[in-house]
Structures are given as structure tokens and as C-alpha cells.
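Peer 1: Please see the structure below; I have some questions.
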Amino acid sequence: MNIQWYPGHMTKTRRMMEENLSLVDVVIELLDARIPYSSKNPDIDTLAKNKRRIIVMNKSDLADPAKTEIWKKYFENKGFTVILSDAVKGTGVNKVSDAARVLMKDKIEKEKARGRLFVPIRAMIVGIPNVGKSTFINKSVGKTTAKTGDKPGVTKGKQWIRLKKDFELLDTPGILWPKFEDEEVGLKLAMIGSINDDILDTETLCTEFINLMMSIDPDRIRNRYKAEFDTIEEPHDILEKIAAARGFIKKGGEPDCGRAAKIILDEFRGGKIGKITLELPEDIRDMSAKTAEKEAEKKARDKERKAAYKAKNK
């Protein structure tokens, strides 16, 4: 299941970010703590390479705490300031402005030494669709300033928001990148709800989720849905058993897998299956190796086609 989703407004958003980066001191990137690697837009590293950076691992309440700590250390070792957050409850939200002040300490002191009494900090907040930016901002401000929703694409344009007297935030719409080099990245983004559900085959996506859970923690699925299955069973067979266990049966006695798939994905996204992290830093190496392998295969096929074309047209 190869998922690609890059609607036209995201091109405009990328351009807008490029145009406004010169106005900010710090770039704050929100990641989904359940998929820290797959939810990290590689374009942001390119765009913000000369800026001070803060990573906020949002929805950490939905992720495995031990694995979240592993990811926190991973990003800190790469030079990022990392904050864990649950924007719905407000956990970690107020730490961001303090972290920005620490990062900007040298500049603030330099400006004050020149006689400037008030040195404001301006930051840009970025992230993939549905990562919780608007909820994060509203908790920071203490009132509803940004629109929120459980679907990607709620924020439509940029807006400057004053969080504190000396701290301003530029909110931007959620943005992906033009092509997911690894299919697993697109799948995981779809699983957490960052891809428009209207373009997805929910049943197939759910079987991919079940397949992934069989390698991570099959008992989470067993315990939640009271379905008996073996981990070596085909994911769709497991989905059928879950549908039957939940009483989702069509006329004629066939399991309603479409209904079961929607329930499973909704419950995963809402944390009802448990605190789940779908990837670890070591998985990045596996993804990179697979990407390199696919690229090598593609080059080999292109070479064969060119050779065949030349032979045919001699």
C-alpha cells in the first residue's frame, strides 16, 4: 500500500515558510511521539538549518514512555532541545518559551549590552498535519486562538500569536513533503491520522497496522478485542476474527471488516488500545537500507531498459 499525499496548499505553505524564516529566531517542530521519525518532515531540516531548534514530542501521553525516552535521547544527541508534551492537558507546553530563552540567551545578552531594554523572541511553529499544533498554541495562550480539529488541514494560513510579552509565535499550516521514500513512513502517517482518510483504503490500512502490531505487541490487540489468533496468521484473517468478536457481521454471516477496521484505527488514534510507539531509532537504519536497496533496483532496471532500447534501435 503506497501512500502519497501532497495537496497544492502544502507547496504554498513551504514557500511561505521560506519567506518568513528570516523573521524568526527559533524554529519549533512538533512531532508525534508515536512515530517520531516518520512524523519528522525532512524538508524542515533543510529550511531551518541556520536556526536554533526545539523539538516538541507531542501526544507523548499516547506513546510508550520508555520508548519516548529513547527517542528524546536520540534527538538530544543530534543537538536538538527536546520537550515532551501532551497539548490536550497542557503538559510541557509552558516549557517551550523557557527553552527558547535559553537558546537565545547569548543574543539577548548581546542586545541588552548595546542598551536595548526589551528583546522579544520570535519563533515559527511547524509540523505535519494533525500533530496538535493548534491545540498546543491554544494551551500556551490560555484561550482559543487557533482552530483545532481531529482531521488534517484545519489551519489554513499563517498567523502571528503573542504568547507572552516577549514571545511571539508564527503558526503555520501542517505540511508533509512531496514524496515518502519509504512506504512505511506513509503508512504510519496514515495510521495516526495525518493523511486525509478520504483517500485511504481503511481496511487495507488496518491490516497493515495489525501486521505491525504483531511484531510490536500482539497482546495489545488480543486483550482489547478479545479475539483468539496466532501471530503467524494473516493480518486480514485477524481482522475478520476481531470483527466477529465485536459482533460486526453483515447479512449472510460475513464479518464486517470495514467497520472493524475503522473502529481499530480510531481506537489506536485515541489511545484506547494502549500507549504504543510504532518505531525506534534502530528502525531508521532498516528504512534507510531498504530505501537504498530500492534505489539500486530502480537504477538497475533503468540501465536494462536503456540497453534494451539501444539494442532494438541499432
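The values are calculated or read from the model by the stated rules, or taken from the named source; none is laboratory data. Keep in mind it's a predicted model, so treat the numbers as computed, not measured. Neighbour counts are summed over all protein chains in view; Cβ atoms, including those assigned to glycine, are modelled from backbone coordinates with ideal geometry. Note: accessible area is taken over every heavy atom of the protein model, side chains too, but ligands, DNA and RNA are not part of it. Shrake-Rupley method; radii C 1.70, N 1.55, O 1.52, S 1.80 Å.
Peer 1: If you go through region 1-29 one residue at a time, how many are more than 22 Å from K179 (Cβ to Cβ) and open to solvent by less than 30 Å² (accessible area, probe 1.4 Å)?
Peer 2: 7
Peer 1: Related question: Which of the residues belonging to region 159-195 are of a type in the set (D, E) and not in a helix (DSSP H, G or I)? Can you show your working first?
Peer 2: Here is the first cut: in region 159-195, the ones of a type in the set (D, E) are 166, 168, 171, 181-184.
Across region 159-195, the qualifying residues are D166, E168, D171, E181, D182.
Peer 1: Sticking with this one: Output the number of residues of region 237-256 satisfying the condition of being in a loop (DSSP other than H, G, I, E, B) and either under 15 Å from T204 (Cα atoms) or among the acidic types (D, E) (or both).
Peer 2: Taking region 237-256 as the starting set, the residues that turn out to be in a loop (DSSP other than H, G, I, E, B) are 246-248, 250-254, 256.
This time we only want the ones that are either under 15 Å from T204 (Cα atoms) or among the acidic types (D, E) (or both), so: 254, 256.
The total comes to 2.
Peer 1: Additional query: Taking the residues in region 155-177 that are touching a Lys or Arg at 6+ places or on another chain (Cβ under 9 Å) and under 30 Å from I216 (Cα atoms) as candidates, determine which candidate is surrounded by the fewest Cβ atoms within 10 Å (Cβ to Cβ).
Peer 2: Step by step, filter region 155-177, then rank; the result is W177.
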